[in-house]
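Participant: Got a structure here, written out as structure tokens. Questions coming.
The values are calculated or read from the model by the stated rules, or taken from the named source; none is laboratory data. Since the model is a prediction, treat every value here as computed from it, not as a measurement. With ideal geometry, Cβ positions are generated from the backbone for all residues, glycine too; neighbour counts draw on all protein chains shown.
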Amino acid sequence: MKGKVYGYIRVSTKEQNEDRQRIAMREYGVPEENVYLDKQSGKNFDRPGYQGLMNVLQENDTFVIKSIDRLGRNFDEILKQWRIITMEKKAGIIVLDMPILNTGLQHDLLGKVIAEMMLTLMSYMAETERQNIRQRQAEGIAAAREKGVHLGRKPKEIPKEFETVKALWEEGVYSATAAAKKLGVDFHTFKRWVNKK
């Protein structure tokens, strides 16, 4: 028995446009009312659209996404969700940009195994790349420090009116919070300046 077809769309911010993904869903034949959308980061799966789709997804249904990165960024979590969808819920997955990952219900067991292997390989490659990026960053920071390059934000310069505001604070005219606000900085910055002078 064939189930329903659902689509999942994700963009990272509210400003990003999801039209490209919507067009792909329509072209695949996903009914508009079965498309779930999230406008937030893919760092985890605690997203209202995704959770809503997972609540309605049942055995023999099909879960359609434009590309694997629309599902999420964390490949360990993607693997976990992939197994929940295909093994626990017994639904198929269609990745429009990468058909080799498809575990549509018409596929045999071998097709599902190959898709799982490909996803695992991609996960390994992504994790290796993340480690390489972290290593390159650490090496770059070490090299910059060796050259005496200051890293991080430049400290804010103390404004001319600081002494006047500080005197009013010392007299009790301003609280530390009010004095900081008057100078356009936060409470901690104001206290640091007071301790420095």
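Participant: What single numbered condition from (1) exposed (fewer than 13 other Cβ atoms within 10 Å of the Cβ); (2) at pLDDT below 75 fails to hold for A126?
Facilitator: Unmet for A126, out of (1) exposed (fewer than 13 other Cβ atoms within 10 Å of the Cβ); (2) at pLDDT below 75: (1).
Participant: With respect to D46, determine if the residue is within 19 Å of the chain's Cα centre (by Cα), farther than 19 Å from T120 by Cβ and of a type in the set (D, E).
Facilitator: In short, yes.
Participant: If you scan segment 18-52, which residues turn out to be of a type in the set (K, R) and outside any helix (DSSP H, G or I)?
Facilitator: K39, K43, R47
Participant: Of N55, N60, which residue is surrounded by fewer than 16 Cβ atoms within 10 Å (Cβ to Cβ) and assigned to a loop (DSSP other than H, G, I, E, B)?
Facilitator: Among N55, N60, only N60 is surrounded by fewer than 16 Cβ atoms within 10 Å (Cβ to Cβ) and assigned to a loop (DSSP other than H, G, I, E, B).
Participant: Which of the residues that make up segment 129-180 are assigned to a loop (DSSP other than H, G, I, E, B) and of a type in the set (A, V, I, L, M)?
Facilitator: Matches in segment 129-180: V149, L151, I158, V173.
Participant: Please go through segment 131-159 and pick out each residue that is of a type in the set (D, E, K, R) and either exposed (fewer than 10 other Cβ atoms within 10 Å of the Cβ) or modelled with pLDDT of 80 or more (or both).
Facilitator: Selection gives R134, R136, E139, R145, E146, K147, R153, K154, E157.
Participant: Would you confirm, using the coordinates I've provided, whether D46 is modelled with pLDDT of 85 or more, surrounded by 15 or more Cβ atoms within 10 Å (Cβ to Cβ) and of a type in the set (D, E)?
Facilitator: Considered against the rule, which asks whether it is modelled with pLDDT of 85 or more, surrounded by 15 or more Cβ atoms within 10 Å (Cβ to Cβ) and of a type in the set (D, E), D46 comes out as no.
Participant: Within segment 87-98, is even one residue modelled with pLDDT of 85 or more, in a loop (DSSP other than H, G, I, E, B) and among the small types (G, A, S)?
Facilitator: Yes: one or more hits.
Participant: With respect to the numbered conditions (1) at positive phi; (2) modelled with pLDDT under 85, which one is the sole condition not fulfilled by N60?
Facilitator: The failed condition is (2).
Participant: Now a separate question. When you go through (1) exposed (fewer than 15 other Cβ atoms within 10 Å of the Cβ); (2) in a loop (DSSP other than H, G, I, E, B); (3) modelled with pLDDT under 85 one by one for D76, which number turns out not to apply?
Facilitator: In the conditions (1) exposed (fewer than 15 other Cβ atoms within 10 Å of the Cβ); (2) in a loop (DSSP other than H, G, I, E, B); (3) modelled with pLDDT under 85, D76 misses (2) alone.
Participant: Here's a follow-up. Quick one: would you say I68 is touching a helix residue (DSSP H, G or I) at 6+ places or on another chain (Cβ under 8 Å), touching a residue at least 60 places away in the same chain (Cβ under 8 Å), surrounded by 12 or more Cβ atoms within 10 Å (Cβ to Cβ) and not acidic (D, E)?
Facilitator: Here the answer is no, as I68 does not meet what is asked.
Participant: Among all residue pairs at least 6 apart or on different chains, which show Cβ distances below 7 Å where the first residue, located in segment 45-57, is within 24 Å of K2 (Cβ to Cβ) and not assigned by TED's automatic domain parsing to the domain that holds N74 and the second is modelled with pLDDT under 95 and surrounded by 20 or more Cβ atoms within 10 Å (Cβ to Cβ)?
Facilitator: Hits for this filter: zero, empty list.
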